[in-house]
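Below you'll find the structure, written out as structure tokens, and then a few comments.
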Amino acid sequence: MPILEHNGSKFTVDEDGFLTQGMEEFNQDWIDYVKGIEGISDWTDEHQKVVDTLQEYYKKNGIAPMVRILSKTTGFPLKRIYELFPSGPGKGACKMAGLPKPTGCV
Amino acid sequence: MAILKADKLGVNVAKAPSMLTGAIPKKAWCDTPAIFKPGNYAYPAKKEIHEYHQKNLPQAIGGVPRDWDPEKDDWLLPDGWEQIILQGLKERLDKFRSLKIFMDCCVRCGACADKCHFFLGTGDPKNMPVLRAELMRSVYRNDFTLGGKILRKLAGGRPMTFGVLKEWFMYYYQCTECRRCSVYCPYGIDTAEVTMMGRELLHLVGVNINWILEPAANSNRTGNHMGLQPHTLKENVEYLCDDIEEVTGIRINPTFNRKGAEILFITPSADVFAEPGIYTAMGYLLLFEHIGLDYTWSTYASEGGNFGLFTNNELMKKLNAKMYAEAKRLGVKWILGGECGHMWRVLHQYMDTMNGPADFLEVPTSPITGTRFDNAASTKMVHISEFTADLIKNGKLNLDKSRNDHRKVTWHDSCNTARGMGLLDEPRYVLNSVVNDFHEMPENTIREQTFCCGSGTGLNTDEIMELRMRGGLPRANAVKHVRDKYDVNTLACVCAIDRATLTSLMNYWNPDVQVAGLSELVGNALVMEGEKERETGLRFEELAGKEEGEG
């Protein structure tokens, strides 16, 4: 698995650039790194809210929430989530929050 | 990875050399090597997922759990891997008579050659079904037939080498086991079963893909592909009930793991997780409420899909068995199955000899109409479309078709239900009862001749998106035909992989066409007792005549 370094932190990532150790390796440097690849210039409270919601849900359920649940919990319509994370809730927000990709018939 | 724009890729498919060789092949097929590069292969299984399966099924999942790269020349295979494959092939030739026949009886008439969506989309000769099977047949001839043992290459034989293994990994993962080719084969050779055997043999030496093995591991451990734990599954279904209440004003309170229910309902877990499957699930919930069905969901048998079918028959058997174990535990009379594709191939073609007959269950009889489903006398499992068609035929549903008037619909026959179990007319009967505007795609692309979504058998992963869009092109092209001719805006189907992958396919080739499960359209049309006036459909889309600013 590739290892990448950013601001002195080391991260193990999978082929699609998701953290293989998940939230264990998640830190501010990771946020800073993904901001760069996602093209997010200003980190706002709204970004933070999406990340917090995802992590909290993941701790309880071991999986990312349904997109509709993410929208309802944060109060952000899907369109807004795409504005915050241009790659979308899965490839953008989940990657940022250190969640794995969902698999199966999706 | 980024792929070409649709207009460019379309020209490429028609005019450019094959995708994988990148040139018009100048040498014989067996002298043209398989070359792996980003975008033409799915990622290998994660080490810990490989380990997990090996612990559970050591006889089926071999090799060394490891990080390996298909693009490298060393796949870190176990010592003596050639012998492991040959021994595995020998065992399977003895065990599966079909394999022996399929290895022996091809006359190379070529009827299958241009019937494969991957051949049409990639232009790669090795995606002709005859040649796909030849990749294994050549090894079979070399080591298992007298002529081949003596004459070797002259008799079309070739030894098992690393180059052959690479070909197998490439082309047995560019087949979706859709079986369209077998419809045209005068001998009825089922290339899907050749692919299944090819994948089984690859698993013996630890050559695999993550997109199949991880869902299979989740299903074995948690009960479903997504890895939804019991409380999450329940919450998700209840969340869908909240949405139903918002649209219809009706509160539904389904039960979970309820002993003594008459019927156990099993559907793909994506139906309670991802769009547009969740709208299909809302349709089921409304239907069962409408007829007052005595049924239960299960958080253990919480997956219709069975990625064992794409891996190894032992794993398929194990994952299939949990449905029946749960039916027994709950004491239900029979099982009702949702809109899943490959679950039905497992059910219809393999369940009986793997885990059946399910004698502890009763022959399914609809509690609403009294119809006995003798076609399911052995498996005791009925498809939701058969069940719904019977309800409609007996006048048990109050339907308002006009609520689907915002949709001009065409029907995609999902490969596994159409060719795998002959479910052709029931969904059409249902569709005609719930929508006013239904148009068939051209006849050589529907019913038994239906074209695959291009991403079945666990090939619905994003890293091979170009391959998926190429493989799905014949299907997308037929949809485009009815879109251009009749303004079709909805592609309906009964398969969870379809719902996910046709959505990507339509977004790419026909961006104005949405994908919907049949039960979603049923749910839209159902007039519920005590409901409020519907302003929107189940996905909160505007209904015809209810657009803002109009009456």
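The values are calculated or read from the model by the stated rules, or taken from the named source; none is laboratory data. Because the structure is a prediction, the values reported are computed rather than measured. With ideal geometry, Cβ positions are generated from the backbone for all residues, glycine too; neighbour counts draw on all protein chains shown.
Applying the selection to the range A:7-44, what residues are in a helix (DSSP H, G or I) and either within 14 Å of chain B (Cβ to nearest Cβ) or surrounded by fewer than 13 Cβ atoms within 10 Å (Cβ to Cβ) (or both)?
Once the filter is applied, which keeps residues that are in a helix (DSSP H, G or I) and either within 14 Å of chain B (Cβ to nearest Cβ) or surrounded by fewer than 13 Cβ atoms within 10 Å (Cβ to Cβ) (or both), the range A:7-44 yields A:GLY22, A:GLU24, A:GLN28, A:GLY36, A:ILE37.
The set of residues in the range B:393-438 that are among the acidic types (Asp, Glu) and part of a helix (DSSP H, G or I) comprises B:ASP425, B:GLU426. In the range B:494-507, the residues that are within 11 Å of another protein chain (Cβ to nearest Cβ) and basic (Lys, Arg) form Cβ pairs under 8 Å with partners that are assigned to a helix (DSSP H, G or I) and crowded, with 24+ Cβ neighbours inside 10 Å, at six or more places apart or across chains, as follows: B:ARG499/B:ALA270; B:ARG499/B:GLY277; B:ARG499/B:THR280. Counting only residues that are of a type outside the set (Phe, Trp, Tyr), away from chain A (no Cβ under 14 Å), within 15 Å of B:TRP411 (Cβ to Cβ) and in contact with a Leu (Cβ under 7 Å, 6 or more places away or on another chain), the range B:432-474 holds 4 of them. Restricted to the range B:34-57, and to residues there that are assigned to a helix (DSSP H, G or I) and of a type in the set (Lys, Arg), the residue that is farthest from B:ALA476 (Cα to Cα) is B:LYS55. Looking at B:ILE278, B:ILE252 in this structure, which one is assigned to a loop (DSSP other than H, G, I, E, B) and without any contact (Cβ under 8 Å) to a residue 60 or more places away in the chain? On inspection, the qualifying residue turns out to be B:ILE252.
Within the range B:345-364, residues that are among the polar types (S, T, N, Q) sit with their Cβ atoms under 7 Å from residues that are crowded, with 16+ Cβ neighbours inside 10 Å, at 6+ positions apart or across chains, in these pairs: B:GLN349/B:GLY420; B:ASN355/B:LYS317; B:ASN355/B:ASN320; B:ASN355/B:TYR324. Entry remark, the range B:46-67: residues being within 11 Å of chain A (Cβ to nearest Cβ) and either buried (at least 20 other Cβ atoms within 10 Å of the Cβ) or under 24 Å from the mean Cα position of the chain (by Cα) (or both) number 2 in total. Against the conditions (1) assigned to a helix (DSSP H, G or I); (2) of a type outside the set (A, V, I, L, M, F, W, C); (3) buried (at least 20 other Cβ atoms within 10 Å of the Cβ), B:THR379 satisfies every one except (1). Condition check: within 14 Å of chain A (Cβ to nearest Cβ), at pLDDT 95 or above, over 24 Å from B:LYS322 (Cβ atoms) and out of contact with any strand residue (DSSP E or B) (no Cβ under 9 Å at 6 or more places or on another chain). Does B:THR195 satisfy that? No: the conditions fail for B:THR195. Of the residues screened, A:THR73 is not one that is more than 11 Å from chain B (Cβ to nearest Cβ), among the hydroxyl-bearing types (Ser, Thr, Tyr) and without any contact (Cβ under 8 Å) to a residue 40 or more places away in the chain.
So, in the range B:388-403, exactly how many residues are of a type outside the set (Asp, Glu) and in contact (Cβ under 8 Å) with a residue 60 or more places away in the chain? Even if it seems obvious, please write down each step before you answer.
Our first condition is that a residue be of a type outside the set (Asp, Glu); within the range B:388-403, this holds for B:388-389, B:391-399, B:401-403.
Pick out the ones that are also in contact (Cβ under 8 Å) with a residue 60 or more places away in the chain and you get B:388, B:391, B:396-399, B:401-403.
Residues in the range B:388-403 being of a type outside the set (Asp, Glu) and in contact (Cβ under 8 Å) with a residue 60 or more places away in the chain: 9 in total.
For the range B:456-471, the set of residues classified as over 17 Å from B:ARG419 (Cβ atoms) and in contact (Cβ under 8 Å) with a residue 60 or more places away in the chain consists of B:GLY458, B:LEU459, B:ASN460, B:THR461, B:GLU463, B:ILE464, B:MET465, B:GLU466, B:LEU467, B:MET469, B:ARG470, listed by residue number. Checking each residue in the range B:100-120 for being over 26 Å from B:CYS453 (Cα atoms), assigned to a helix (DSSP H, G or I) and among the hydrophobic types (A, V, I, L, M, F, W, C) picks out B:ILE101, B:MET103.
Within the range B:9-33, take every residue that is charged (D, E, K, R) and part of a helix (DSSP H, G or I) and give me the one that is nearest to B:GLY121 (Cα to Cα). Among them, the one singled out is B:LYS15. Among the conditions (1) under 26 Å from B:ILE384 (Cα atoms); (2) outside any helix (DSSP H, G or I), the only one that B:MET506 does not satisfy is (2). Does the range A:54-66 contain any residue that is touching a residue at least 24 places away in the same chain (Cβ under 8 Å) and either within 23 Å of B:THR501 (Cα to Cα) or in contact with a strand residue (DSSP E or B) (Cβ under 9 Å, 6 or more places away or on another chain) (or both)? Yes, there is a match, as at least one residue in the range A:54-66 is touching a residue at least 24 places away in the same chain (Cβ under 8 Å) and either within 23 Å of B:THR501 (Cα to Cα) or in contact with a strand residue (DSSP E or B) (Cβ under 9 Å, 6 or more places away or on another chain) (or both).
Residues in the range B:278-298 that are within 14 Å of another protein chain (Cβ to nearest Cβ) and in contact with a Ser or Thr (Cβ under 9 Å, 6 or more places away or on another chain): 4 in all.
Within the range B:222-238, if we keep just the residues that are out of contact with any Phe, Trp or Tyr (no Cβ under 7 Å at 6 or more places or on another chain), modelled with pLDDT of 95 or more and part of a helix (DSSP H, G or I), the residue that is nearest to the other protein chains (Cβ to nearest Cβ) turns out to be B:THR232.
Take the residues in the range A:50-76 that are of a type in the set (A, V, I, L, M) and surrounded by 20 or more Cβ atoms within 10 Å (Cβ to Cβ); name whichever of them is farthest from the chain's Cα centre (by Cα).
Within the range A:50-76, the first condition is being of a type in the set (A, V, I, L, M), and the residues that meet it are A:50-51, A:54, A:63-64, A:66-67, A:69-70.
When the remaining residues are screened for being surrounded by 20 or more Cβ atoms within 10 Å (Cβ to Cβ), the result is A:50-51, A:54, A:63-64, A:66, A:70.
Values: A:VAL50: 8, A:VAL51: 6, A:LEU54: 8, A:ILE63: 12, A:ALA64: 10, A:MET66: 14, A:LEU70: 12 Å.
The residue in question is A:MET66.
Take B:PRO186 and tell me if it is surrounded by fewer than 24 Cβ atoms within 10 Å (Cβ to Cβ), within 28 Å of B:ALA476 (Cα to Cα) and either assigned by TED's automatic domain parsing to the domain that holds B:VAL346 or modelled with pLDDT under 95 (or both). Judged against the criteria, B:PRO186 is not a match.
Condition check ((1) among the β-branched types (Val, Ile, Thr); (2) in the same structural domain as B:ARG329 (by TED's automatic domain parsing); (3) in contact with a His (Cβ under 8 Å, 6 or more places away or on another chain)) across all residues:
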| position | (1), (2), (3) |
| --- | --- |
| B:VAL237 | yes, yes, no |
| B:ASP242 | no, yes, no |
| B:ILE266 | yes, yes, no |
| B:ALA270 | no, yes, yes |
| B:PRO276 | no, yes, no |
